[in-house]
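Read-outs: derived from the displayed coordinates by stated rules, not from any lab. Keep in mind that what you see is a predicted model, and the values were worked out from it rather than measured. No Cβ is skipped: glycine too gets one built from the backbone with ideal geometry, and neighbour counts run over all protein chains shown.
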Amino acid sequence: QGFYNFNKKKYSLVNLEDLEIFEDDTLVTSQLLTERQIIKKNNHFIKILAKGHLTKRLIVQAVKFSKKAKEAIIKSGGQIQVV
C-alpha cells in the first residue's frame, strides 16, 4: 500500500554530547564513530545534532549538521567538513 521512496537516505543521528569522548584535534569520521560504538553500523549518512555541550576542539566529518551544532563546533575551536 502506498509509495515507498527507495532513494530515501536514513541518517545516523549523533549528538554533541556523544563527541565528548574524543581527544582534542581528533578527526571524527563515520568509521571512528562505528569503532567507538556511537553508531551501530558504518553509515556514511551522519547528521550531527546540538544536544549537549562540546568542550573539545574536534574536526567533524558528516553529511549534515544542525545550525546549532555547527555553531557549537566552531565556537569550541573545531572544524566542520561536509562530505
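Calculated from DSSP H runs of 4 or more alone, at -39500 (n - 2.57) each and per residue, what is the 222 nm mean residue ellipticity of the chain, nearest 500?
Details: 2 runs with 15 residues, N = 83.
So the helix-based figure for the chain works out to -4500 deg cm²/dmol.
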Are there trypsin sites (Lys or Arg not before Pro) in the range 1-73 that DSSP marks as loop and that have at most 15 other Cβ atoms within 10 Å, and which are they?
Lys8, Lys9, Lys10, Arg36, Lys40, Lys41, Lys51, Arg57
Which entry in [x] 0.96; [y] 1.29; [z] 1.03 matches Rg/Rh (Cα atoms, Kirkwood Rh) derived from the coordinates of this structure?
[z]
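Which of the GluC sites (Glu not before Pro) across the chain are loop residues per DSSP, with 10 or fewer other Cβ within 10 Å?
Details: sites: Glu17, Glu20, Glu23, Glu35, Glu71; in loops: Glu23.
Counting only loop positions with at most 10 other Cβ atoms within 10 Å, the GluC sites (Glu not before Pro) in the chain are Glu23.
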